[in-house]
Amino acid sequence: MFLRFWFRPPRVLLASFLAVTLLPAAALLWLGWRFFDQDRALAAQRVRERREQAADLIAVALQQSLAAAQQQLEQTIADGEPDAAAIVFHGDDIESTPRLLYYPVVPSPNRAPAALFARGEEMEFQHQNFDGAMAAFRELTGSPDTAIRAGAHLRIARNLRKAGQFEVALAEYQKMMGCGPVPVDGIPADLVARRANFSLLDQLGRTPEGRKEAEAVASGLNASRWQLTRAAFLHYAEAAGYHPPPEALALSEAVEWLWDKRKLAPSGLESMAFKGREMTLLWRDNHALVAGPRYAEHHWLAPLAPLLKSQSVRIALHKTTLSGSGASVRTRRHGAAVGDCSGGRRTGGGGEGVHVEAPLFIDCFRPAGRDCVRRQLHHHSSG
């Protein structure tokens, strides 16, 4: 008992020892954590600064590419170029490479004078004299003017159908097809004839032949064989059961929008959504370029690959629009981009049939990072 008491350390001494050793250790631990936290914040700040610099470089490079493209609009693009169209405006005539599904306006060449058909139409509509009407119209089938011949064949076929001579009417439509795309009442003659042909074949119960003619019309529409207005194109597409690809529809719709826009602004750069596809429109004077995502990727973003690699960043192009519920983001991603500055919130705005002019942004971020830097590209239309 005595020995245990003798060797027991004094409590005051023990407390003093703990205070002298533990308190400095805790202070050192706290200081170490503070230094570590400051180093981490400093490293994050440096990464952010580098990303800011990379975003500036990339935005400037992309803006220069767009500006150069706008200055070189006179240069035509390859006919097989995907997702883009080079446009030249000649008054009310529009030249497109490649051809569009439909156009805002179509040329109005000299039509066959209506007075030439007046005598035959009087016998047809007022006297119901179909034979007399056909005789009057047949006199015009020898005209050197293709438009007059096409108009005569159309009226002869119409009277043959009224007279119940359907097989002969089919033969007359074949003759009308031979007149080619000369306009009849603003619509190419061979298209009118094919449409009437497969309609009559279906009426006669010759469904396979009618389907074949309808497929020929659909094929011609898909190949942009005829220069049509929007209303005419949609009418014949529905009749033939043709469902055009959204990519081609977006190009035609973009040119239709541009046709009205350039009356207010002779030059400009816009990013718009058509049929759910982001389209970039550049125009100056009578020349324009309408480019979709694939064209932008190949011609404007792919050349930036060395710069992106040197900066170890990825980019995402998008445009921010204002909807009734506030800001929304529509993103067009390139190069396996992961995330954007919107935090993944993308709702509403710019849907199909809704054309909203909005700034074009570029998001710059590292593949493994969540935060990013946003830059607005120069975006304007000059009046």
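Numbers for the structure displayed
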| quantity | calculated |
| --- | --- |
| Selection within the range 221-273 - part of a loop (DSSP other than H, G, I, E, B), over 15 Å from Ala85 (Cβ atoms), in contact (Cβ under 8 Å) with a residue 12 or more places away in the chain and not charged (D, E, K, R) | Trp226, Leu228, Gly241, Tyr242, Leu264, Ala265, Pro266 |
| Selection within the range 20-51 - charged (D, E, K, R) and in contact with a Lys or Arg (Cβ under 9 Å, 6 or more places away or on another chain) | Arg51 |
| Residue count, the range 274-299 (criterion: in contact with a helix residue (DSSP H, G or I) (Cβ under 7 Å, 6 or more places away or on another chain) and without any contact (Cβ under 8 Å) to a residue 40 or more places away in the chain) | 3 |
| Helices (runs of 4 or more DSSP H) (entirely within the range 103-196) containing at least 1 residues that are surrounded by 20 or more Cβ atoms within 10 Å (Cβ to Cβ), of a type in the set (A, V, I, L, M) and in contact with a helix residue (DSSP H, G or I) (Cβ under 7 Å, 6 or more places away or on another chain) | 130-138, 146-162, 166-177 |
| Identity of the residue in the range 49-75, over 20 Å from Glu297 (Cβ atoms) and surrounded by 14 or more Cβ atoms within 10 Å (Cβ to Cβ), that ends up nearest to the chain's Cα centre (by Cα) | Arg51 |
| The range 281-317, subset polar (S, T, N, Q) and not in a helix (DSSP H, G or I), residue nearest to Ala85 (Cα to Cα) | Asn286 |
| Matching residues, the range 144-173, being of a type in the set (Gly, Ala, Ser) and within 24 Å of His127 (Cβ to Cβ) | Gly151, Ala152, Ala157, Ala163, Gly164, Ala169 |
| Selection count where residues are surrounded by fewer than 16 Cβ atoms within 10 Å (Cβ to Cβ) and within 34 Å of the chain's Cα centre (by Cα), scope the range 200-215 | 3 |
| Sole residue being touching a Phe, Trp or Tyr at 6+ places or on another chain (Cβ under 9 Å) and at pLDDT below 90, chosen from Ala84, Ala69, Ala112 | Ala69 |
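The values are calculated or read from the model by the stated rules, or taken from the named source; none is laboratory data. Just so you know, these numbers come straight off a predicted model, no measurement behind them. Cβ: placed from backbone, ideal geometry, glycine included. Neighbour counts: every protein chain shown.
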